[in-house]
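In what follows, a structure is listed as structure tokens, so that the remarks can point back to it.
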Amino acid sequence: MNVSRHISIDDEHIEKLKPYLEKHNGNLGAAIKDMINIAEKYACHTNSSAINFSLFNWMLTEVDGILVPDAELNELIDPALNSMSKLEELLKRRFKEWEWDIELALKYDLDSLPSFVSVELKGDPQKIKLAACILSQYLVRNSLDRAPLEIKYAVNFSDCRKVGLSMSNKKDAEKSLITFFGRNDTVIKAIKSRPAFWKSVINRHISSNYNMVTVHRNYLEDLFAGNIPLEDITIENLAQKPIREIPPDEMLHLIKEVYETYRIVDRVDLEKDTMIVSHSYRNKEAIEKLKKILVSLLEGNGHLYDAKSTANMIVLTHRPDIGTKINEIVDKLKASNNRVDQELMVFMAFVSGLKDIPDIPISLTALGRRIGKSLMQEYEKENGIKTWDLGNFQKALEIIDSRLHRESEWKLEGKNLLYTVRKCNIVAEEKTFDTYVCHTARETFKGALNYAFGNKAELDIKHLLTHGDNICEVVIRIP
């Protein structure tokens, strides 16, 4: 039953009714009914409690960097809404209902499925920040399956925030949302999913004064096995690409971020072509291994660095001249089936002139590994090798030794392969024994072994060829 009553309304309340009157085309009864329904809804959600202004601002600050849950976003804005003009109208109405006093302006090329959108919000800084997040999240989320919109910029002024979006791909669109508005979203979700675990980790870091170290399990496994980790999974995950494909400048900053954040070292300073690593390690073997890990990591990125150690510091200096020479030698090895030993001698003559290099063996390690890998790759292509085993590995090394004019013997004992070098032409032709030449020859073998079997192969050195001796003997074990 409808009951008619005469009522009087103050100007203040008429102003509050205006959005509802506009929504219902001037129908006062429908406007009042809608206003009452919304009031009841919010009274239910807030348990009829008003929120203190300073508390409300604190809450807005605390949710900064956290995306609105999809369910809540769908409550605020109908996901089926497919019109920019209707979206703008809806949000303006919402802001009035919430008494946020926000001015909104949307610009776009198409009302449905736009290729670009420009957003401008004016008002209280905290409120327009959350409003920009809500609107941007809606635009990105609801465009992914049709015409993905990527956030290109989000700039902030004292009382104005501008956001620009343009058509892109799904991956970049989702990534942009995290970059500009959800920087803490993943962290918060991870902590909420495993609160006991993260509480324990955080407490341990605090109690140890942040002297805890966090590394990937595979990385630690290599260290336990006495190997030098040849890659850093954490860095690859952060860059979302293989180490070889990471740009040099980005690689250096990723090393700094990972090694400082995970407390592997105390600090990493970058100065042009030099990386200075400060640490608190006291064991010389540990420092040496850390130095080799860093050099190997940078080499994996395609750049050679020489390393010098002091008491609490490792200084790595980029040596593009050595890298260029190595590339020349490797390219010649790929194009030629002979004179390998002569190419090695050319490099040794080159490296002998570099008197200012503090740690020549590290550079030669890189040279040896790359030559060994290159030779195995070429042999693999020429002979159609799909999977390496001790048999075809032995055959390949016999051919390589013949090219190096080395006399060697092989003996297969179960899963172990005994490799003995009786005469090394590279060393023999030197007027004086050169440990650098010998080191490079050994690293060539290790590079070939690592390419064929990765970290599965164990190398047990029985005897090394030194001045006055006549054999070099190692045992290869494959689990």
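The values are calculated or read from the model by the stated rules, or taken from the named source; none is laboratory data. Worth saying up front: this structure is predicted, and the values here are computed from it rather than measured. Cβ placement follows ideal geometry from the backbone for every residue including glycine, while neighbour counts extend to all protein chains displayed.
Observations
- Criterion violated by residue 296 - all others in (1) in contact (Cβ under 8 Å) with a residue 60 or more places away in the chain; (2) of a type in the set (Ser, Thr, Tyr); (3) in a loop (DSSP other than H, G, I, E, B) satisfied: (3)
- Every residue from region 373-421 that is modelled with pLDDT of 80 or more, under 19 Å from residue 460 (Cα atoms) and either in contact with a Ser or Thr (Cβ under 9 Å, 6 or more places away or on another chain) or of a type in the set (A, V, I, L, M) (or both): 390, 397, 408, 409, 410, 411, 417, 418, 419, 420, 421
- Residue list for region 265-281, filter: at pLDDT below 90 and surrounded by 14 or more Cβ atoms within 10 Å (Cβ to Cβ): 273
- Any pair with Cβ under 6 angstrom, 6 or more apart, that starts in region 58-86 at a residue that is closer than 17 Å to residue 186 by Cα and ends at one that is outside any loop (DSSP other than H, G, I, E, B) and of a type in the set (Val, Ile, Thr): 66/188; 68/134
- Condition check for residue 137: surrounded by fewer than 19 Cβ atoms within 10 Å (Cβ to Cβ), in contact (Cβ under 8 Å) with a residue 60 or more places away in the chain and not in a strand (DSSP E or B): no
- Each residue in region 224-252 was checked for being loosely packed, with under 14 Cβ neighbours inside 10 Å and either part of a helix (DSSP H, G or I) or in contact with a Cys (Cβ under 6 Å, 6 or more places away or on another chain) (or both), and 6 pass.
- Only listed residue being over 19 Å from residue 117 (Cβ atoms), among the basic types (Lys, Arg) and surrounded by fewer than 16 Cβ atoms within 10 Å (Cβ to Cβ), chosen from 189, 170: 189
- Selection within region 150-171 - in a loop (DSSP other than H, G, I, E, B) and not polar (S, T, N, Q): 157, 159
Conditions tested, residue by residue: (1) at pLDDT 90 or above; (2) crowded, with 17+ Cβ neighbours inside 10 Å; (3) of a type outside the set (A, V, I, L, M).
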| site | (1), (2), (3) |
| --- | --- |
| 86 | yes, no, yes |
| 91 | yes, yes, no |
| 102 | yes, yes, no |
| 105 | yes, no, no |
| 108 | yes, yes, yes |
| 111 | yes, no, yes |
| 119 | yes, yes, no |
| 122 | yes, no, yes |
| 130 | yes, yes, no |
